[in-house]
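Notes follow once the structure below has been shown.
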Amino acid sequence: YNDCWPTSNWSIIDYYRNPKPAYYAAKRACAPLLPIIFERSGRVEFLFSNHTMEDVEVEFVYGQETLQGTNVWHRKSKHTIQANSSFIFDCMHRKALNISKGDFLYIDAVANRKKLQRVIYFTDGWKDIDWPLPKIKIEIIGQRLTGSEWQTKLKVKTDAFARMCHIVYTGKDKDVFFSDNYFDLSSGSEHEIYVSSSQKIDLKDLRVGHFLTEPV
């Protein structure tokens, strides 16, 4: 909250009180049920953090994938993660992983029968990757008025890896908030988000962007 004028700094909310991309990243990182891929001392750890006060049953599918959506390898496991704890369910040496440029590691998790958002990790960073040009589609799959606030449910789909996929509202409503934004979508995947607004949102007022597009 410390932007005293329009600028670029460490704040995650800008001068106009709009969330920056870092806001959504921080929100995802603070989820109470969170798959994590962590690399240290030459080892890659696959773990799960349960920051709730109840044990949770989690099914994991994790592995390595290319930007084009080809699965290099994957494993499955199922564990009970105790309340208020973190659990390493697999660990491997970094040198044992034959990772080509652009390949990434991932975790798909289902906790208490609820599918969580995929976690993606690029072992060598992502700034030098030659990103594909994705075709991203958005559709409205539900709308309802709750009190004085509209809730719009969106589905976002992509045919190729979309880095920093984001939705921008271009209408006249000034009170619009996205439940998630600036997220990565792997090839052939989809993601559902909610949009809160004071006015009913029309699909024509939404624009989609990604790492290779100009700011809307």
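Among the residues of the range 87-101, is there at least one that is part of a loop (DSSP other than H, G, I, E, B) and of a type in the set (Lys, Arg)? Within the range 87-101, one or more residues are part of a loop (DSSP other than H, G, I, E, B) and of a type in the set (Lys, Arg).
Answer yes if at least one residue in the range 45-64 is within 22 Å of PHE183 (Cβ to Cβ), modelled with pLDDT of 95 or more, among the aliphatic types (A, V, I, L, M) and open to solvent by 40 Å² or more (accessible area, probe 1.4 Å), and no otherwise. Looking through the range 45-64, at least one residue is within 22 Å of PHE183 (Cβ to Cβ), modelled with pLDDT of 95 or more, among the aliphatic types (A, V, I, L, M) and open to solvent by 40 Å² or more (accessible area, probe 1.4 Å).
Only one entry in ILE81, ILE107 is hydrophobic (A, V, I, L, M, F, W, C) and in contact (Cβ under 8 Å) with a residue 60 or more places away in the chain, namely ILE107. Got a number for residues in the range 1-44 being at pLDDT 85 or above and touching a Pro at 6+ places or on another chain (Cβ under 8 Å)? The number of residues fulfilling the criteria is 2.
Once the range 94-111 is narrowed to residues that are open to solvent by 40 Å² or more (accessible area, probe 1.4 Å) and modelled with pLDDT under 95, the residue that is nearest to SER41 (Cα to Cα) is ARG94. Kindly indicate whether THR158 is among the hydroxyl-bearing types (Ser, Thr, Tyr), touching a strand residue (DSSP E or B) at 6+ places or on another chain (Cβ under 9 Å) and farther than 23 Å from THR66 by Cα. Here the answer is no, as THR158 does not meet what is asked.
Yes/no matrix, rows are residues, columns are (1) assigned to a strand (DSSP E or B); (2) more than 21 Å from PHE183 (Cβ to Cβ); (3) not small (Gly, Ala, Ser):
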site: ARG28; (1), (2), (3): no, no, yes
site: ALA31; (1), (2), (3): no, no, no
site: PRO35; (1), (2), (3): yes, no, yes
site: PHE38; (1), (2), (3): yes, no, yes
site: LEU67; (1), (2), (3): no, no, yes
site: VAL72; (1), (2), (3): yes, yes, yes
site: LYS76; (1), (2), (3): yes, yes, yes
site: LEU105; (1), (2), (3): yes, no, yes
site: ALA109; (1), (2), (3): yes, no, no
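Give the range 200-212 a look and list any residue that's closer than 26 Å to ILE120 by Cβ and open to solvent by 30 Å² or more (accessible area, probe 1.4 Å), or say none. The answer is ARG207, VAL208, PHE211, LEU212. Residues that are surrounded by 14 or more Cβ atoms within 10 Å (Cβ to Cβ) and within 21 Å of TYR106 (Cβ to Cβ) within the range 170-189 comprise ASP180, ASN181, TYR182, PHE183, ASP184, LEU185, SER186, SER187, SER189, listed in sequence order.
Taking the conditions (1) more than 20 Å from ARG28 (Cα to Cα); (2) open to solvent by 30 Å² or more (accessible area, probe 1.4 Å) in turn, SER197 satisfies each one other than (2).
Selection of first residues in the range 7-19 that are part of a loop (DSSP other than H, G, I, E, B) and of second residues that are modelled with pLDDT under 85 and surrounded by 10 or more Cβ atoms within 10 Å (Cβ to Cβ), restricted to Cβ pairs under 7 Å at least 6 apart or on distinct chains, gives the following pairs, ordered by first then second residue: ASN9/ASP3; SER11/ASP3; ASP14/ASP3; TYR15/ASP3. Scanning the range 65-93 for residues that are polar (S, T, N, Q), open to solvent by less than 70 Å² (accessible area, probe 1.4 Å) and out of contact with any Asp or Glu (no Cβ under 8 Å at 6 or more places or on another chain) turns up just one, SER85.
The values are calculated or read from the model by the stated rules, or taken from the named source; none is laboratory data. Please read all numbers here as calculations on a predicted model, not as lab measurements. No Cβ is skipped: glycine too gets one built from the backbone with ideal geometry, and neighbour counts run over all protein chains shown. The protein model used for the area step is the full one, side chains on, heavy atoms only, and it has no ligands, DNA or RNA in it. Shrake-Rupley method; radii C 1.70, N 1.55, O 1.52, S 1.80 Å.
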